[in-house]
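Below: the structure, in structure tokens.
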Amino acid sequence: QVQLVESGGGLVQAGGSLRLSCAASGVIFRINTMGWYRQAPGKQRELAAVIFSGGSTNYGASVKGRFTISRDNAKNTVFLQMSSLKPEDTAVYYCKYHDTQGDFWGQGTQVTVSS
């Protein structure tokens, strides 16, 4: 089993920045994928960004160029640096961990961007 603890959400004005963190604990496999997904009210959960244990990344189209995902493998932690935030980035952001055990999700952290 894997447990995920997220932090860093909050309220920010449009154009501002926030940094999310997600620490994984439990049975952590060396080969894994960690990422951030988001869900706005009334919408489906969508990919923000993922990062593989080797360091390669993928971004959702709506955040590409504004968000940066990174990880600290020694601390089993993934970060999401969000810049040039827009009101449409308002959502609950969920951390996800994936390996051969399956998918594990964090409890979510609210990000609200005011106009």
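Couple of notes before you dig in:
- Two-site label geometry, Asp103 and Phe29: point separation in nm, points 7 Å out along Cα→Cβ: 1.6
- Extension gain for the segment Leu11 to Lys64, taken as residue separation times 0.36 nm less the Cα-Cα distance, is 17.0 nm to one decimal.
- Efficiency of FRET between Gln1 and Lys75 - r from beta-carbon atoms, R0 22 angstrom, step 0.05: 0.75
- Percent RCO, i.e. relative contact order, over the chain, from Cα pairs under 8 Å lying at least 6 residues apart: 36
- Note that the chain carries a Kirkwood radius of 14.0 Å, evaluated over its alpha carbons pair by pair.
- In the chain, lysine pairs closer than 19 Å at Cα, eight or more apart or cross-chain: 5
- HN-Hα J in Hz across the stretch 37-43 - Karplus 6.51, -1.76, 1.60, θ = phi - 60°, x for Gly and Pro: 10, 9, 9, 8, x, x, 10
- If R0 is taken as 22 Å, the Cβ-Cβ distance between Ser114 and Gln39 corresponds to a FRET efficiency of 0.70.
Quick note: the coordinates plus some simple rules give every number you see, no bench work behind them. This structure is a prediction, so every number in the text was calculated from the model and none was measured. Note: ideal-geometry Cβ built from the backbone for every residue, glycine included; neighbour counts use all protein chains shown.
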